[in-house]
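The values are calculated or read from the model by the stated rules, or taken from the named source; none is laboratory data. If you're wondering where the values come from, they're calculated on a predicted model, not measured in any experiment. Cβ sites come from the backbone with ideal geometry, for glycine too, and all protein chains shown count toward neighbours. Remember, those area values only see protein heavy atoms, side chains included, never the ligands or the DNA or RNA. Shrake-Rupley method; radii C 1.70, N 1.55, O 1.52, S 1.80 Å.
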Amino acid sequence: MAETIKKSKGFYKSFDRKGGVNPQATHYCAGCGHGILNKLIAEAIVELGIEDKTVFVNPVGCGVFCYYYIDCGHVAGPHGRSPAVATGVTRSIKDKVVIAYQGDGDLGAIGFNNAFQAANRGEKFAHFFVNNAIYGMTGGQMAPTTLIGQKTTTSPYGRDPLNDGYPIHVSEIFNQLHAPVYIERVAVTDTANIMKAKKAVRKALEIQKEGKGYAFVEVLSPCPTNFRLSPLDAVKWVNEEMTKEFPLGCLRDRSADLPENQPRVWENVSLADYFASAKGEIDTAVVDENFNECRMKFSGFGGQGVLSLGHLIADAAQIDRRYVSWFPSYGPEQRGGSASCSVVLSGKPIGSPTVEHIDVLVAMNQPAFERFGFDVEPGGYLLYDTVIHLTEEGKRAYTDKGIKLIGIPATEIAQSCNEVRAANTVFLAALAELKCTGLDAGTIRKVMEANFAPKPKVLTINQKVYDVSAEWIRNNIK
């Protein structure tokens, strides 16, 4: 009689990533510790009865495909951002058990500050850190946790502390912080260690179920492929070498001293109430199928007010009860470097705040014009400051495409009003007069005045610039 191998609890019935080849096989290499840790987590979720309230934040690296295996809610948090995403989930969705899962490169390198700050805040999630002292998915390069003398593809002669620094001890670093409730280092190598790891995993999830705070479990794991060892020799190397550098054991457990469901000051406040208290009354957007979506881009040098210009249009859209998004982007220097923002106005919920195909572009300098000009759709508006030099042939390249090319002496008008920094207000008036946004012109002006109201002198100057600009548009643009 053939022996029946029972499948572990907490996994999907089949793993769709493998399709029909072997629907119950993971993508992990033979002897990899990730599969064991996945099993321990899945079983603990079932044993604690939290399958329907668990959210698993998937990383980058070998652990990225956990959403194919573990039967719970999933969200992606790649390239070191798992702790940031886990923070957002646990703060915005109440009564969920949140798990962040990361490898030594994902956490120890690109995502270290995300992890460190989450631990320092004591965020309410279980944090599992897989340490195999090497980059697994990308080919076996040296990782932050690589041992002294360990050979990798990027340290072929062994890690040299004088050149490469020393291995990072994440658990010990986190143990210096006040907020974490539980910190333990375990291994998934032999039976005895796996049983200890099982208890640590369950402990971390119990702390989340009880709402007590941040729990961190570091898991030493073999990587036979990149160690270039057999699975048995890889396990032996972890037990004999890695544990010298990263000793196993519990560094901290304060869970017995804390009450369940420790409250946060914001925990009983809805997001709408929170933002309303910060900004005042919020007008709810109204669905309007007759309002065509308008995708806008504002671009120039940082310090020209391009981000503020976009923000004023977004505020006007809120007052007109349109759906709106405002998405900024700027280079290393917020002032002096390139800056832009994307604004989407719509009569229905917006799918993405990014703008690639532009309906209205405001270009306040030459680089902005050259970067985004040909992204304007036929029939769209391209408003530019006439300090930007365009030949007649250059203009035709846009007008032949059906773009409404409109040159406005924004800098000149602002200078005539003795305030060169108000060139963005010139464009604000132009947008209102040209009616290319679909927003009420009166609303746009009211938003501008409300924005400058706390500074009466600045308000007076911008009102003058706005009026002069509006008159210039009426007299010169047909």
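Overview of results
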| item | result |
| --- | --- |
| Matching residues, region 128-145, being open to solvent by 10 Å² or more (accessible area, probe 1.4 Å), under 23 Å from LEU40 (Cα atoms) and of a type in the set (A, V, I, L, M, F, W, C) | MET137 |
| Inter-residue pairs, beta-carbon under 7 Å, first more than 22 Å from THR87 (Cα to Cα) and in region 36-58, second of a type outside the set (Val, Ile, Thr) and at pLDDT below 95, 6+ apart | LYS39/SER8; GLU43/SER8; GLU43/LYS9; GLU43/GLY10; VAL46/LYS9; VAL46/GLY10 |
| Residue within region 303-315 that is hydrophobic (A, V, I, L, M, F, W, C), surrounded by fewer than 17 Cβ atoms within 10 Å (Cβ to Cβ) and either modelled with pLDDT of 95 or more or in contact with a Ser or Thr (Cβ under 9 Å, 6 or more places away or on another chain) (or both) present | no |
| Unmet requirement for ILE45, which otherwise passes all of (1) hydrophobic (A, V, I, L, M, F, W, C); (2) in a helix (DSSP H, G or I); (3) over 18 Å from LYS9 (Cα atoms) | (3) |
| Every residue from region 341-380 that is polar (S, T, N, Q) and open to solvent by less than 50 Å² (accessible area, probe 1.4 Å) | SER342, SER346, ASN365 |
| Top-ranked residue of region 381-400 - restricted to ones that are assigned to a helix (DSSP H, G or I) and of a type in the set (Ser, Thr, Tyr), ranked as most open to solvent (accessible area, probe 1.4 Å) | THR399 |
| Qualifying residue in region 410-417 (condition: of a type in the set (Val, Ile, Thr), over 24 Å from SER346 (Cβ atoms) and touching a strand residue (DSSP E or B) at 6+ places or on another chain (Cβ under 7 Å)) | yes |
| Residue satisfying all of: in region 401-423; among the small types (Gly, Ala, Ser) and either open to solvent by less than 20 Å² (accessible area, probe 1.4 Å) or part of a strand (DSSP E or B) (or both); farthest from CYS341 (Cα to Cα) among these | ALA414 |
| Criterion violated by GLU47 - all others in (1) modelled with pLDDT under 95; (2) touching a helix residue (DSSP H, G or I) at 6+ places or on another chain (Cβ under 8 Å); (3) surrounded by fewer than 23 Cβ atoms within 10 Å (Cβ to Cβ) satisfied | (1) |
| Criterion: open to solvent by 10 Å² or more (accessible area, probe 1.4 Å), touching a Ser or Thr at 6+ places or on another chain (Cβ under 7 Å) and modelled with pLDDT of 95 or more - qualifying residue of ILE168, ILE173, ILE148 | ILE168 |
| Cβ-Cβ under 6 Å pairs, at least 6 apart or on other chains, region 365-380 side farther than 13 Å from LYS297 by Cα, far side charged (D, E, K, R) | PRO378/LYS401 |
| Residue check, THR54 among the hydroxyl-bearing types (Ser, Thr, Tyr) and open to solvent by 10 Å² or more (accessible area, probe 1.4 Å) | no |
| Matching residues, region 429-444, being open to solvent by less than 10 Å² (accessible area, probe 1.4 Å) and small (Gly, Ala, Ser) | ALA429, ALA430, ALA432 |
| Inter-residue pairs, beta-carbon under 6 Å, first closer than 17 Å to VAL130 by Cβ and at pLDDT below 95 and in region 80-92, second in a helix (DSSP H, G or I) and open to solvent by 50 Å² or more (accessible area, probe 1.4 Å), 6+ apart | GLY80/ILE110 |
| Positions within region 59-113 being within 21 Å of GLY31 (Cβ to Cβ), among the hydroxyl-bearing types (Ser, Thr, Tyr) and open to solvent by less than 20 Å² (accessible area, probe 1.4 Å), in sequence order | TYR69, TYR101 |
| Residues of region 225-254 satisfying the condition of being open to solvent by less than 10 Å² (accessible area, probe 1.4 Å) and in a helix (DSSP H, G or I) | ALA234, VAL238, MET242 |
| Any hit, region 318-340, residues being crowded, with 20+ Cβ neighbours inside 10 Å, within 22 Å of GLY407 (Cβ to Cβ), under 23 Å from the mean Cα position of the chain (by Cα) and not aromatic (Phe, Trp, Tyr) | yes |
| Neighbours by Cβ (under 6 Å, 6+ apart or cross-chain): first from region 231-243, under 12 Å from ASN193 (Cα atoms); second outside any helix (DSSP H, G or I) and of a type outside the set (Phe, Trp, Tyr) | VAL235/THR189; VAL235/PRO222; VAL238/THR189; VAL238/LEU220; VAL238/PRO222; ASN239/THR189 |
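For (1) more than 35 Å from the chain's Cα centre (by Cα); (2) at pLDDT below 95; (3) farther than 16 Å from GLN304 by Cα; (4) surrounded by fewer than 18 Cβ atoms within 10 Å (Cβ to Cβ), each residue gets a yes or a no:
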position: THR425; (1), (2), (3), (4): no, no, no, no
position: LYS446; (1), (2), (3), (4): no, yes, yes, yes
position: ALA453; (1), (2), (3), (4): no, yes, yes, yes
position: VAL458; (1), (2), (3), (4): yes, yes, no, yes
position: LYS464; (1), (2), (3), (4): yes, no, yes, yes
position: ASN475; (1), (2), (3), (4): yes, no, yes, yes
position: LYS478; (1), (2), (3), (4): yes, yes, yes, yes
